[in-house]
Amino acid sequence: MPMNETHVSPPTPAAPAFQAETPLADAQGIDFHMHSTASDGALSPAALMSLCHERGLTRLSLTDHDTLDGVAEAQEAADALGMTLLPGLELSSQWQGMNIHVVGLLPQGAQGSLVAGLEAQAKARVTRGEEIARRMEKLGLHDALAKARAQAGSDRPLGRPDFARAMVADGLVKDMGTAFKKYLGSGKRGDVKAGWPYLSEVVEWINDAGGVAVLAHPLRYGLTRRKRGLLLDAFTAAGGEACELVSGFQNADVTRDLARQLDERGLYGSLGSDFHFPGGPVAPGSMSPVPRTALRPVWQHPRLAALLAEAA
Ligand code: AMP
Ligand code: MN
Ligand code: MN
Ligand code: MN
């Protein structure tokens, strides 16, 4: 039937991004996953908000690791720039021996059991930082804790990126990617997760605070489709209601398949860049297009819609 067998099918039109008839039609100007200096991001909350504004974002969330400390500054900047900021965070948890991240979109900030949960997370991060430091010492990074602290540049709780930067600065590895690949990434010596609460607990904290729990970057845990389904089942059973459909840049076929997995479980879809620093792989608001999907967007969730409607 084709007139010309050698002619490759025409490129997919660019349009499917945000088609009018899809529920995710109004996805532009949204980014619900970004980091500031309150955790392992490079920009202050206010500087991040300026960049978001420059890039045309209107509805966003600051989601630092295990803390809401950057939100007040971001809120003030977002208000001044006419953007709607949803208070948020990205909680560290564990499930089946893996470090799983859950974004909490928190229109009312920290409430209920999340308050004590955040204190526990901060303590867990301190203890974990000390343990990572002990392990990195053995791997040749002397004064590991002090060096990671110097990289952090403030007294915020340490994360693995601080140790990775210290290793690069000491010449132990050539770049951060190598530091994670050899020492700090999943399953390596510095991947300490013993202190993190279970996935089900962090979901409960978020729900207890009147927020919406969003499973973060489900494609970045190195899981098979089947195992990812089990993770989504566990998350849903714990009361989780949303999942990132698009996190930064990802393959379109994989996104469509993920949309099916979310749809089967009635999950809302969220979007985020997971921006950490300028000049990296993503900028605020930059991510793969959203495919045609019947998923409900998380910004239409009853607990978020009122706050976010003002910005639409
Ligand atoms: P932590 O919160 O201490 O568990 O550190 C996890 C953080 O490390 C993630 O949120 C990323 O910002 C960063 N990270 C994880 N993997 C890598 C990698 N391969 N290269 C650079 N940074 C990474
Ligand atoms: Mn991070
Ligand atoms: Mn994450
Ligand atoms: Mn993140």
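The values are calculated or read from the model by the stated rules, or taken from the named source; none is laboratory data. Remember, it's a predicted structure, so these values are computed and weren't measured experimentally. Positions of Cβ are generated from backbone atoms using ideal geometry, with glycine treated the same way; all protein chains shown enter the neighbour counts.
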What pairs come up if the first residue lies in the stretch 122-150 and is more than 20 Å from SER93 (Cα to Cα), the second is among the β-branched types (Val, Ile, Thr) and in a helix (DSSP H, G or I), and their beta carbons are under 8 Å apart, counting only those six or more places apart or on different chains?
-> ALA144/ILE132; ALA148/ILE132
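Quick grid of which residues meet (1) more than 20 Å from the chain's Cα centre (by Cα); (2) acidic (Asp, Glu); (3) closer than 19 Å to THR67 by Cα:
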site	(1), (2), (3)
ALA144	yes, no, no
ARG149	yes, no, yes
ASP155	yes, yes, yes
LYS174	yes, no, no
Test: residue in the stretch 63-71 that is among the small types (Gly, Ala, Ser), closer than 15 Å to LEU118 by Cβ and out of contact with any Asp or Glu (no Cβ under 7 Å at 6 or more places or on another chain) = no
Taking the stretch 168-196 and keeping only residues that are more than 16 Å from ligand 4 (Cβ to nearest atom), crowded, with 18+ Cβ neighbours inside 10 Å and closer than 23 Å to ALA38 by Cα, one is left with ALA179, GLY190, VAL192
Here the residues within the stretch 129-155 that are surrounded by fewer than 21 Cβ atoms within 10 Å (Cβ to Cβ) and in contact with a Gly (Cβ under 6 Å, 6 or more places away or on another chain) are ARG135
Collect the residues in the stretch 51-73 that are over 14 Å from ASP31 (Cα atoms) and in a helix (DSSP H, G or I), keeping them in residue-number order.
-> VAL71, ALA72, GLU73
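Would you say GLN75 is farther than 16 Å from VAL202 by Cβ and polar (S, T, N, Q)?
Here the answer is yes, as GLN75 does meet what is asked.
Regarding SER200, is this residue closer than 14 Å to ALA27 by Cα and either part of a helix (DSSP H, G or I) or of a type outside the set (Asp, Glu) (or both)?
Working: closer than 14 Å to ALA27 by Cα: no; either part of a helix (DSSP H, G or I) or of a type outside the set (Asp, Glu) (or both): yes.
Against the criterion (closer than 14 Å to ALA27 by Cα and either part of a helix (DSSP H, G or I) or of a type outside the set (Asp, Glu) (or both)), SER200 does not qualify.
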Just a yes or no: is a residue in the stretch 15-37 modelled with pLDDT of 95 or more, of a type in the set (D, E, K, R), more than 30 Å from ASP162 (Cβ to Cβ) and surrounded by fewer than 15 Cβ atoms within 10 Å (Cβ to Cβ)?
-> no
Top-ranked residue of the stretch 205-255 - restricted to ones that are more than 18 Å from the chain's Cα centre (by Cα) and of a type in the set (Asp, Glu), ranked as nearest to ALA283 (Cα to Cα) = ASP253
Which ones in the stretch 53-74 are acidic (Asp, Glu) and either away from ligand 4 (no atom under 14 Å from the Cβ) or over 16 Å from the mean Cα position of the chain (by Cα) (or both)?
-> GLU54, ASP69, GLU73
Is it true that LEU43 is within 16 Å of ligand 4 (Cβ to nearest atom) and touching a strand residue (DSSP E or B) at 6+ places or on another chain (Cβ under 8 Å)?
-> no
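Does GLU76 qualify as being in contact with a helix residue (DSSP H, G or I) (Cβ under 9 Å, 6 or more places away or on another chain), away from ligand 2 (no atom under 16 Å from the Cβ) and acidic (Asp, Glu)? Quick ask: steps written out before the conclusion?
On the way: in contact with a helix residue (DSSP H, G or I) (Cβ under 9 Å, 6 or more places away or on another chain): yes; away from ligand 2 (no atom under 16 Å from the Cβ): yes; acidic (Asp, Glu): yes.
For GLU76, the condition - in contact with a helix residue (DSSP H, G or I) (Cβ under 9 Å, 6 or more places away or on another chain), away from ligand 2 (no atom under 16 Å from the Cβ) and acidic (Asp, Glu) - is met.
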Note on the stretch 147-167: residues over 23 Å from ALA120 (Cα atoms) and more than 16 Å from ligand 4 (Cβ to nearest atom) are LYS147, ALA150, GLN151, ARG165, ALA166, MET167
